Amino acid sequence: MAKSNNDARLDFNVASAAAEIDTSKKVRVGIIGTGWIAGPHVEIYKNMPDVEIVAGADLVPGKAESFFKGYGLENVKCYGSHKEMLDDDSLKLDAVSVCTYNATHAECAIYALDKGINVLLEKPMCVTLEEAIEIRKAEKRSGKVLSIGFQPRFDPNMQMVKSVVQSGVLGKIYYIQTGGGRRRGIPTPFGTSFIAKETGGIGALGDIGCYSLDMLLNAIGYPKPLTVTGYTSAYFGTDPNYCSYVQQGHPEYAAAFGVDDFAAGFVRLEGDIIVDFRISWAMNMDTPGDALILGTKGGLRIPSTDCWNGTIGGPLKIYSEVGGEQVCTEIPMKESNVNCFEVKIRSFVDAVKYGGAAPVPSSEIIYNQAILSGIKKSADLGKEIEIEIPEI
Ligand SMILES: NC(=O)c1ccc[n+]([C@@H]2O[C@H](COP(=O)([O-])OP(=O)(O)OC[C@H]3O[C@@H](n4cnc5c(N)ncnc54)[C@H](O)[C@@H]3O)[C@@H](O)[C@H]2O)c1
């Protein structure tokens, strides 16, 4: 059977840096939600000599128990919900990974922060801007570390995008085009948690759209979004004849589909910058295009990429004018063996241990969430909306 291009199972080859790590105090970690992404979290925590996985929770009876058993972790205390686990003060948890489906990100993160526990929250931050605001308030009340799980940021080629922009070589940035997606890639192999409204909340928009936005917004310094015009559709996911090796013969996926499989948006950012965005789980096209950044002195092309694991589709190209000539400079791709997932978790644990800043701060990702939920809201209303984010 062909592998779906959203089959993100990775070979996590975690190098233990035990020699450099202070193991005198172990960081006590709990896992909330023991589905697919909890696997990579546990693989990585398990290999950290200064971390102890002490507890886990899942709403599905017995799921957490068999999950940890599968990783050879026999002494992890298991619970039937995030509340049950977080209410057990005897666990003395320092940190949790929130690995639940999108719709419960906010309640789990807020409950943990209010218990004084540091949180690594999987992407997207949540479903709505209102939830993101409440998460930020809880973070502020608690004074704890909240980091959001955007691993591509730790890839050297992704970091090059930011370095190019920050070098000033592009001049004043006024337009960015970003997005991406798949021709046939609705993530149904893993069940319905991504496609049902009650669990996913938003579809391609939140699942992969958040990465494409982060790639460029992080590069340009996360200006505040002001207005959004959005569009969403779901022509493929709701079609029982959707042509995917998974969905064919599984009409229950079409019946369960309650989110977007395509979304587009036009976003006005502070500083007179326009974002032109589109994302897809399924469409009749190979790619919706490369990512572009247009500046007054140069333009940057980032070849079409899936984003989620930090890869870029080829060398970056800068288009500019030198001595009256139009030139194109290609930036060689960096060879890298960086495991972005490992760095995302290691940097979170270090922030918890040493009181550092969140590696991927919610003060930035709230703008990402504002755009995602703005696109959804604008699409539902059929008109442009203004984005209002209170001071937190
Ligand atoms: N960073 C990445 O590369 C990456 C990759 C895949 C998924 N994700 C994100 O991770 C999240 C989970 O994805 P998944 O594929 O693991 O989903 P999943 O459906 O396989 O697992 C989610 C689990 O959370 C449990 N759960 C939900 N609410 C809970 C609660 N209140 N208390 C305890 N358990 C609860 C569910 O029962 C389920 O077992 C999603 O938000 C997704 O976007 C990130």
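Bear in mind these aren't lab numbers, they're just calculated from the coordinates by the rules spelled out. Keep in mind the model is a prediction, meaning the values are calculated, not measured. Positions of Cβ are generated from backbone atoms using ideal geometry, with glycine treated the same way; all protein chains shown enter the neighbour counts.
In nanometres, what is the gap between the two model label sites at residue 130 and residue 69, each 7 Å from Cα along Cα-to-Cβ?
4.1
Pick out the long, greasy-scoring helices in the chain: whole DSSP H runs spanning 18 Å or more along their own axis by Cα, mean Kyte-Doolittle at least -1.0.
Answer set is 340-354, 362-381.
Greater than 18 Å separation of Cα atoms is the criterion. Which listed pairs, 92/353; 26/92; 25/123; 137/377, meet it?
Where the Cα-Cα span goes over 18 Å, the pairs concerned are 25/123; 137/377.
Counting Lys and Arg as +1 and Asp and Glu as -1, each charge on the Cβ, what is the dipole of region 179-246 about the Cα centre in debye, to the nearest 20?
The dipole magnitude comes to about 140 debye.
Taking every DSSP beta bridge that has both residues in the chain, what percent is antiparallel when rounded to the nearest 5?
60
Residue separation times 0.36 nm, minus the C-alpha to C-alpha distance between residue 23 and residue 363: what's the value?
Fully extending the segment from residue 23 to residue 363 adds 119.3 nm.
Work out the length of the dipole vector of region 236-333 about its Cα centre, built from +1 on the beta-carbon of each Lys and Arg and -1 on the beta-carbon of each Asp and Glu, and round it to the nearest 20 debye.
On the way: 5 positive and 13 negative charges, 33 e Å.
My answer is approximately 160 debye.
Between region 351-392 and region 282-345, what's the alpha-carbon centroid distance in Å?
Centre-to-centre distance over Cα atoms comes out at 24 Å.
Filter the GluC sites (Glu not before Pro) in region 292-343 down to the DSSP loop ones having no more than 13 other Cβ atoms within 10 Å, then list what survives.
When the GluC sites (Glu not before Pro) of region 292-343 are filtered for loop state and at most 13 Cβ neighbours within 10 Å, 335 remain.
Once a ≥ b ≥ c are taken as the square roots of the eigenvalues of the Cα gyration tensor of region 106-203, is the result rounded (a/c under 1.5), prolate (a/b larger than b/c) or oblate (a/b not larger than b/c)?
oblate
So for each of 265-272, 376-383 I average, over its residues, the number of other beta carbons within 10 Å; can you give me the resulting order with the highest mean first?
Top to bottom by mean Cβ count within 10 Å: 265-272, 376-383.
Please give the charge dipole size of region 58-198, origin at the Cα centre, charges +1 on K and R Cβ atoms and -1 on D and E Cβ atoms. Round to the nearest 20 debye.
Using Cβ point charges on Lys, Arg, Asp and Glu, region 58-198 gives about 760 debye.
Helix-derived [θ] at 222 nm for the chain: sum -39500 (n - 2.57) over DSSP H runs of at least 4, divide by residue count, nearest 500?
Value at 222 nm, helices only: -8500 deg cm²/dmol.
Kindly state, as a whole number, the per residue volume in cubic angstrom of the convex hull around the alpha carbon atoms of the chain.
149
Which FRET efficiency, nearest 0.05, do residue 169 and residue 137 yield, Cβ-Cβ r, R0 45 Å?
0.70
Sort 63-71, 134-142 by packing, meaning the average of other beta carbons within 10 Å per residue, with the highest value first.
Values: 63-71: 17.1, 134-142: 18.8.
Top of the packing list down: 134-142, 63-71.
Give the span of region 223-317's Cα atoms along each principal axis, as three whole-Å numbers ordered largest to smallest.
53, 32, 21
Given labels modelled 7 Å from the Cα in the Cβ direction, how far is it in nm from residue 224 to residue 330?
4.2
Per 0.36 nm of contour for each residue apart, how much would the distance between residue 391 and residue 231 grow if the chain were fully extended, relative to their Cα-Cα spacing? Let's see the in-between values first.
Details: separation 160, 0.36 × 160 = 57.60 nm, distance 2.79 nm.
So the chain would gain 54.8 nm between residue 391 and residue 231.
Given the peptides 81-93, 145-157, arrange them by the average over their residues of other C-beta atoms within 10 Å, most packed first.
145-157, 81-93
Which shape class, rounded, prolate or oblate, goes with region 243-392 when its Cα gyration tensor gives a ≥ b ≥ c as root eigenvalues, a/c under 1.5 marks rounded, and past that a/b bigger than b/c marks prolate?
Note, shape of region 243-392 comes out rounded.
Which lysines does residue 162 reach when only Cα atoms under 19 Å apart count, and residues fewer than 8 places away in its own chain are ignored?
172, 224, 297, 317, 334, 344
Would region 327-384 count as rounded, prolate or oblate if I go by the C-alpha gyration tensor, calling it rounded below 1.5 in a/c and otherwise prolate when a/b exceeds b/c, oblate otherwise?
Numbers: a/c = 3.09, a/b = 1.29, b/c = 2.38.
It is oblate, given that a/c is not under 1.5 and a/b is not larger than b/c.
Projected onto the charge dipole of the chain (+1 at Lys/Arg Cβ, -1 at Asp/Glu Cβ, origin at the Cα centre), which of 171, 322, 208 gives the Cα projection farthest towards the positive end?
The one lying farthest along the dipole's positive direction is 322.
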